[in-house]
Amino acid sequence: MKISPVFDKQPGKPIIIAGPCSAESEEQVLKTAKALAKQGIDCFRSGIWKPRTRPGSFEGVGAIGLNWLKRVKKETGLAVTTEVANREHVFEALKAGIDVLWLGARTTVNPFSVQEVADALKGVDIPVLIKNPINPDVKLWMGAIERIHKAGISKIGVIHRGFSSFGNSKYRNEPRWQLPIELKRNVPDIQIICDNSHICGRRDILASVAQKAMDLQFDGLMTEVHPTPDEAWSDAAQQITPAVFGKLVKGLKVREETTDDVAYLEHIDDLRHEIDDIDKDLFDLLGRRMKVAENIGIYKKKNNISILQTSRWNEILNRTIQKGREKGLSDGFVTQILTAIHQESINHQTQVMNEPVKKAAKKKKKAKA
Ligand code: PEP
Ligand code: MN
């Protein structure tokens with residue numbers, strides 16, 4: 001899949017997309033855009049049609065708001081973007097000369113909607129940003145990229161806006177950083193943008209999430225900005241004023257992906273070799289551990305003992321968590337890694353215990369040798 005970048009990007013400078021969650025009035029849109037234009041942002045965002053979770057909330061001003069975005073373009077020179085979710089939105093947005101379209105999380109999640117948008121885009125050359133689907137399904141996300149790409153769109157970017165989760169969380173939508181990173185590994189030229197507003201759902205952690213995205217080499221940010229955030233008609237709790245947003249962007253530390261400083265390169269190379277050696281040892285050890293697990297399996301089979309003994313598992317887990325703490329490893333990490341190792345051991349044991357006797361004996365002989 002040949003993807004081209006949506007935005008021109010200068011090294012060391014994130015792509016900045018900002019603007020209100022929703023266009024509410026011509027005055028609100030223009031006021032926000034003028035303040036943001038002064039900050040030199042790359043693109044102005046504003047929702048015209050709002051996909052709301054429940055009916056009765058403000059569902060957007062509709063096509064009339066496109067005229068306000070036209071005025072933004074004319075009076076500030078900023079590129080403008082809005083969300084489209086169906087054929088009619090695409091036609092209206094194209095007619096109004098919107099520069100970039102985006103697909104929202106509630107659209108990406110539905111292949112019928114994505115296909116409808118893709119069909120409406122056939123023969124048109126416009127960049128499209130695709131938000132992650134509501135649920136952490138990287139294939140669904142990839143599928144949306146493919147559908148839009150198949151329609152002939154080559155300038156495609158993605159937006160990580162976090163994933164819906166059940167239960168308490170400090171985030172409105174949990175970020176799963178490894179998913180967009182995995183996506184970028186598969187489609188290296190795709191630009192990845194972090195929508196810190198919909199991840200956070202609140203103002204106080206917007207800056208730290210934006211910084212995290214920079215540290216993970218995201219290409220840019222999409223943030224909701226409103227002149228009077230408390231009065232916003234949608235997503236009030238997460239919006240900030242242009243002034244606060246300006247400070248957030250100024251405070252970002254953008255780290256280089258690499259440098260040509262020879263001393264740095266040599267030192268980092270040494271450290272990476274050390275890591276590679278440790279990884280090799282780790283996997284040698286894991287391989288040995290599985291061999292022992294197989295021998296246990298053979299022995300248990302002979303004595304007609306079950307694979308899983310809960311008490312033994314609890315004992316290993318508690319002991320390892322304790323050891324992990326001494327080494328500065330979190331309980332969650334130790335539990336996750338040990339559970340994976342234990343599952344693999346069970347798989348190996350199950351395999352030898354279900355093998356015909358002769359084969360198992362041979363394996364034992366081989367393991368002994
Ligand atoms: C939005 O950007 O205002 C929006 C509705 O976002 P999402 O699709 O991420 O919920
Ligand atoms: Mn919003």
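The values are calculated or read from the model by the stated rules, or taken from the named source; none is laboratory data. A quick note: this is a predicted structure, and the numbers were derived from the prediction, not measured. Glycine gets a Cβ as well: all are built from the backbone with ideal geometry, and neighbour counts include every protein chain shown. Remember, those area values only see protein heavy atoms, side chains included, never the ligands or the DNA or RNA. Shrake-Rupley method; radii C 1.70, N 1.55, O 1.52, S 1.80 Å.
Any idea how many residues of region 17-47 are open to solvent by 10 Å² or more (accessible area, probe 1.4 Å) and either within 16 Å of ligand 1 (Cβ to nearest atom) or part of a loop (DSSP other than H, G, I, E, B) (or both)?
7
Residue 174 passes all but one of (1) over 29 Å from residue 112 (Cα atoms); (2) among the acidic types (Asp, Glu); (3) within 16 Å of ligand 1 (Cβ to nearest atom); which number fails?
Unmet for residue 174, out of (1) over 29 Å from residue 112 (Cα atoms); (2) among the acidic types (Asp, Glu); (3) within 16 Å of ligand 1 (Cβ to nearest atom): (1).
Look at region 195-210 and say how many of its residues are within 11 Å of residue 237 (Cα to Cα), open to solvent by less than 10 Å² (accessible area, probe 1.4 Å) and charged (D, E, K, R).
0
Residue-by-condition table, conditions (1) hydrophobic (A, V, I, L, M, F, W, C); (2) at negative phi; (3) more than 16 Å from ligand 2 (Cβ to nearest atom); (4) open to solvent by 70 Å² or more (accessible area, probe 1.4 Å):
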position: 193; (1), (2), (3), (4): yes, yes, no, no
position: 218; (1), (2), (3), (4): yes, yes, yes, no
position: 253; (1), (2), (3), (4): no, yes, yes, yes
position: 273; (1), (2), (3), (4): no, yes, yes, yes
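What are the residues in region 48-93 that are within 15 Å of ligand 1 (Cβ to nearest atom) and touching a Leu at 6+ places or on another chain (Cβ under 9 Å), if any?
Selection gives 48, 80, 81, 82, 83, 84, 85, 89, 93.
Could you list all residues from region 279-304 that are free of Cβ contacts under 8 Å to residues at least 12 places away in the same chain, open to solvent by 70 Å² or more (accessible area, probe 1.4 Å) and under 15 Å from residue 340 (Cβ atoms)?
282, 283, 285, listed by residue number.
Only one of these is within 14 Å of ligand 2 (Cβ to nearest atom) and in the same structural domain as residue 184 (by TED's automatic domain parsing): 50, 34. Name it.
Exactly one residue qualifies, and that residue is 50.
Which residues, counting only those in region 135-172, are within 16 Å of ligand 2 (Cβ to nearest atom) and buried (at least 21 other Cβ atoms within 10 Å of the Cβ)?
Scanning region 135-172 gives 159, 160, 161, 162.
Is it fair to say residue 189 is under 30 Å from residue 34 (Cα atoms) and among the charged types (D, E, K, R)? Write out each step before concluding.
Details: under 30 Å from residue 34 (Cα atoms): no; among the charged types (D, E, K, R): yes.
Here the answer is no, as residue 189 does not meet what is asked.
Out of all the residues in region 63-82, is one or more within 16 Å of ligand 2 (Cβ to nearest atom) and among the charged types (D, E, K, R)?
Within region 63-82 (the criterion being within 16 Å of ligand 2 (Cβ to nearest atom) and among the charged types (D, E, K, R)), the answer is no, since none of the residues qualifies.
With assigned by TED's automatic domain parsing to the domain that holds residue 177, within 16 Å of ligand 2 (Cβ to nearest atom) and without any contact (Cβ under 8 Å) to a residue 12 or more places away in the chain as the only criterion, which of 235, 204, 230 stands out? Working first, answer last.
Numbers: 235 fails: without any contact (Cβ under 8 Å) to a residue 12 or more places away in the chain; 204 fails: within 16 Å of ligand 2 (Cβ to nearest atom).
From the options 235, 204, 230, the qualifying one is 230.
Checking residue 312 against (1) open to solvent by 70 Å² or more (accessible area, probe 1.4 Å); (2) under 34 Å from the mean Cα position of the chain (by Cα); (3) at pLDDT below 95; (4) more than 30 Å from residue 219 (Cβ to Cβ), which test does it fail?
Result: residue 312 fails condition (2) only.
Here are some residues: 119, 125. Which one is of a type in the set (D, E, K, R) and part of a loop (DSSP other than H, G, I, E, B)?
125 is the lone residue from the list that is of a type in the set (D, E, K, R) and part of a loop (DSSP other than H, G, I, E, B).
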